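Trainee: Here's a structure for you.
The values are calculated or read from the model by the stated rules, or taken from the named source; none is laboratory data. The structure displayed is predicted, hence computed values, not measured ones. A quick note on method: Cβ atoms are made from the backbone with ideal geometry, for glycine too, and the neighbour counts reach across all protein chains shown. For the accessible areas, the whole protein counts, side chains as well, though only heavy atoms, and no ligand, DNA or RNA atoms are used. Shrake-Rupley method; radii C 1.70, N 1.55, O 1.52, S 1.80 Å.
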Amino acid sequence: MTAMVKAEGVCKRFGSLEVLKGIDLEVQPGEVMCIIGPSGSGKSTFLRCINHLEKVDAGRLSVDGELVGYQQRGDKLYELKENEVAHKRQEIGMVFQRFNLFPHMTALENVIEAPVQVKGESKALARARGAELLEQVGLADKAKNYPRQLSGGQQQRVAIARALAMQPKLMLFDEPTSALDPELVGDVLAVMRQLAKDGMTMVVVTHEMEFAREVADSVVFMDGGVVVEAGAPEDVIRSPKHERTKAFLSRVL
Ligand code: ADP
Ligand code: MG
């Protein structure tokens, strides 16, 4: 089986700041990986590398068997052009801490924007599928609402529906509930939990340890640009081996 995400010695620096110092990990199709770790440890940068938003400086990073940023022809590697990168990025859905919805568009318009504008899907088809997606995230009755008329949790669920509308093979979540009021977190996690059950491959940066413990197939603890500890959720969260993992968990649990 080809891994959906495979990182081998992935390094990334910003000027003299080494942010990723040789990340090794693998996510199989249908698996959920949760990445935990303190602020500044490189979690967002790693997700951005997977999604072609940053270039890795060393090591190999591949998605679904293809080296990120490159195309193989015969035994030669070619760097992807900008439009080719944009095309690749369509295969990956990303949800950020801030919902980034288009403020002047309704929930449904937000969801159908990319399928219509980028993929050239017919409006009728996109609307029908968009309505289904809004139902899937529990917002069937909010299709005509504008973002400002929705709670943060509802906006985040629209953002998830919008990412799913492009039928991605991989979903990346970067602290999707960190900006939400506590009482709104549960609904967003419930949508993500269902998505995982339905077989979506997901990489989730989160501080929600309960979610990680229940939903993740593997948990990775990152600190200072390295993977300190990785394994089954029970092992990493319940019985961490490394002092740094223990110290972090004692702060967040
Ligand atoms: P995390 O998501 O784990 O909090 P980040 O990946 O956002 O960590 O950041 C890791 C480090 O890289 C931080 O020190 C941050 O300031 C730095 N960093 C992130 N993006 C950039 C950038 N575009 N330019 C310079 N430094 C950056
Ligand atoms: Mg981050």
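Trainee: Measure up LYS55/LYS246; LYS21/LYS197; LYS88/LYS142; LYS43/LYS246; LYS76/LYS119; LYS55/LYS197 against 23 Å on the Cα-Cα distance and list the ones that go over. Intermediate values should be presented prior to the final figure.
Mentor: Details: LYS55/LYS246 32 Å; LYS21/LYS197 33 Å; LYS88/LYS142 31 Å; LYS43/LYS246 18 Å; LYS76/LYS119 29 Å; LYS55/LYS197 32 Å.
Flagged as over cut-off: LYS55/LYS246; LYS21/LYS197; LYS88/LYS142; LYS76/LYS119; LYS55/LYS197.
Trainee: Additional query: Take each uninterrupted DSSP H stretch in the chain, measure its Cα extent along the helix axis, and return the ones at 20 Å or beyond whose mean Kyte-Doolittle hydropathy is at least 0.5.
Mentor: 182-197
Trainee: Amide H to amide H, which residues 5 or more places from ALA165 or on other chains are under 5 Å from it, using H placed in the peptide plane?
Mentor: none
Trainee: Just the accessible area per residue of the chain, please: how many Å² with a 1.4 Å probe?
Mentor: 49
Trainee: Given springs between every Cα pair under 10 Å in a Gaussian network model of the chain, which of MET105, MET222, MET171 has the largest fluctuation?
Mentor: Most flexible of the set in this elastic network: MET105.
Trainee: Another question, then. Hey, what number do you get for the chain at 222 nm if only DSSP H runs of n ≥ 4 count, each worth -39500 (n - 2.57), divided across all residues, to the nearest 500?
Mentor: Numbers: 8 runs with 87 residues, N = 253.
Taking each H run of at least 4 residues, the total per residue is -10500 deg cm²/dmol.
Trainee: Roughly how many percent of the accessible protein surface of the chain is carbon and sulfur, given a 1.4 Å probe and a whole-percent answer?
Mentor: Reported share for carbon and sulfur atoms: 47 percent.
Trainee: Modelling each spin label as a point 7 Å along the Cα-to-Cβ direction, I'd like the GLU132/VAL252 distance in nm, to one decimal.
Mentor: Here the modelled spin labels are 3.5 nm apart.
Trainee: Can you tell me the length gained on complete extension of the stretch LEU17 to GLU84, counting 0.36 nm per residue apart and subtracting the Cα distance? Walk me through the numbers before you get to the answer.
Mentor: Working: separation 67, 0.36 × 67 = 24.12 nm, distance 2.89 nm.
Additional length available on full extension: 21.2 nm.
Trainee: Under unit Cβ charges (Lys, Arg +1; Asp, Glu -1), what dipole magnitude, rounded to 20 debye, does the stretch 101-167 have relative to its Cα centre?
Mentor: Details: 9 positive and 6 negative charges, 18 e Å.
Charge dipole, the stretch 101-167, about its Cα centre: 80 debye, nearest 20.
Trainee: For a quick check: with amide H placed at 1.01 Å from N, whose amide H comes under 5 Å from PHE173's, ignoring anything fewer than 5 positions away on the same chain?
Mentor: Answer set, sorted by chain and number: VAL95, VAL203, VAL204, VAL205.
Trainee: Given axes a ≥ b ≥ c from the Cα gyration tensor, I'd like to know whether the stretch 101-167 is rounded (a/c under 1.5), prolate (a/b larger than b/c) or oblate.
Mentor: Judged from the Cα gyration tensor, the stretch 101-167 comes out prolate (a/c at least 1.5, a/b above b/c).
Trainee: Nearest 20 debye, what's the magnitude of the dipole of the chain about its Cα centre given +1 on Lys and Arg Cβ and -1 on Asp and Glu Cβ? Numbers along the way, then the final one.
Mentor: On the way: 32 positive and 35 negative charges, 109 e Å.
Result for the chain is approximately 520 debye, rounded to the nearest 20.
Trainee: Follow-up question, since we're still on this one. Extending each Cα 7 Å along its Cβ direction at LYS76 and SER151, get the distance between those two points in nm, one decimal.
Mentor: 5.7
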